[in-house]
Amino acid sequence: MKAHTKETQATMTPEKSLQQLKEGNQRFQENLKADRNLIEQVKDTSTGQFPFATILSCIDSRVSAELVFDQGVGDIFSARVAGNFVNDDILGSMEFACKLAGTRLIVVLGHTACGAVKGACDDAKLGKLTGMLENIKPAVNAVTSPEDPSLRNSSNIDFVNEVAAKNVQLTIARIKEDSEVLNEMHNSGEIQIVGAMYDIHTGAVTFYE
């Protein structure tokens, strides 16, 4: 499998881009890899890059987008921050990736048993982490069940995973609300913005479409 060129990138619709990621995750689950020479791809992309997707994921060591979607050098832009939320810097990076560099798909990828989400559920306090977790608190508050405070913490993994899923949804809403560039591209059909959840037990990605 060769690295994407300007010509092959131009053929990647949002739908085709999403299908590429689905197929890559299926290979990952089956412990298969596409036939690619990574060093050859390094050389092929040395004069330019033409990725087809932009993926925002958590920094979690188990959730590398390149691995779980079986992608090579030059295939995807990968933005990572604990809790996979957006701020102005990440939004600016996404605007570059889509408007200037030509990616056709944005995926907000959450995952089960997310440590950042657990921290937000527990109202953890630690240096700069305290402020960072504030970005995830809206998702905690948006999940109204269970009401019992003793069940609204990291010891309740079902609650944690519900918050992680809600966080993906709220992040997508914030992308559209805070980035006029990306919202216009989404509304015109130039790009799609979708959410997904990675299961740390199975390696499977479930997309919200």
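It is to be established whether one or more residues within segment 140-161 are of a type in the set (G, A, S), assigned to a helix (DSSP H, G or I) and closer than 24 Å to C98 by Cα. No: segment 140-161 contains no residue that is of a type in the set (G, A, S), assigned to a helix (DSSP H, G or I) and closer than 24 Å to C98 by Cα. Return the residues of segment 121-139 that are in a helix (DSSP H, G or I), over 19 Å from I175 (Cβ atoms) and of a type outside the set (K, R); say none if nothing qualifies. Of everything in segment 121-139, those that are in a helix (DSSP H, G or I), over 19 Å from I175 (Cβ atoms) and of a type outside the set (K, R) turn out to be C121, G127, L129, T130, G131, L133. Do you know which of the residues in segment 118-154 that are among the polar types (S, T, N, Q) and touching a residue at least 24 places away in the same chain (Cβ under 8 Å) is surrounded by the fewest Cβ atoms within 10 Å (Cβ to Cβ)? So the residue we want is N153. Restricting attention to segment 144-154, does a residue exist that is of a type in the set (V, I, T), touching a helix residue (DSSP H, G or I) at 6+ places or on another chain (Cβ under 9 Å) and on the phi < 0 side of the Ramachandran plot? No; the residues of segment 144-154 include none that is of a type in the set (V, I, T), touching a helix residue (DSSP H, G or I) at 6+ places or on another chain (Cβ under 9 Å) and on the phi < 0 side of the Ramachandran plot.
Can you tell me which residues in segment 151-199 are of a type in the set (D, E, K, R) and under 20 Å from D60 (Cβ atoms)? Residues satisfying the conditions are D158, E162, K166, D199. Considering the conditions (1) in contact with a Gly (Cβ under 6 Å, 6 or more places away or on another chain); (2) touching a residue at least 60 places away in the same chain (Cβ under 8 Å); (3) charged (D, E, K, R), E15 is excluded by exactly one of them, (1). Applying the criterion of being without any contact (Cβ under 8 Å) to a residue 12 or more places away in the chain and more than 19 Å from Y208 (Cα to Cα) to the residues of segment 178-194, the residue that is surrounded by the most Cβ atoms within 10 Å (Cβ to Cβ) is E184. When E190, E184 are checked against the criterion of being part of a helix (DSSP H, G or I) and under 18 Å from P14 (Cα atoms), E184 stands alone in meeting it.
Where a number appears in this text, it was derived from the coordinates with a stated rule and is not lab data. The structure displayed is predicted, hence computed values, not measured ones. Cβ sites come from the backbone with ideal geometry, for glycine too, and all protein chains shown count toward neighbours.
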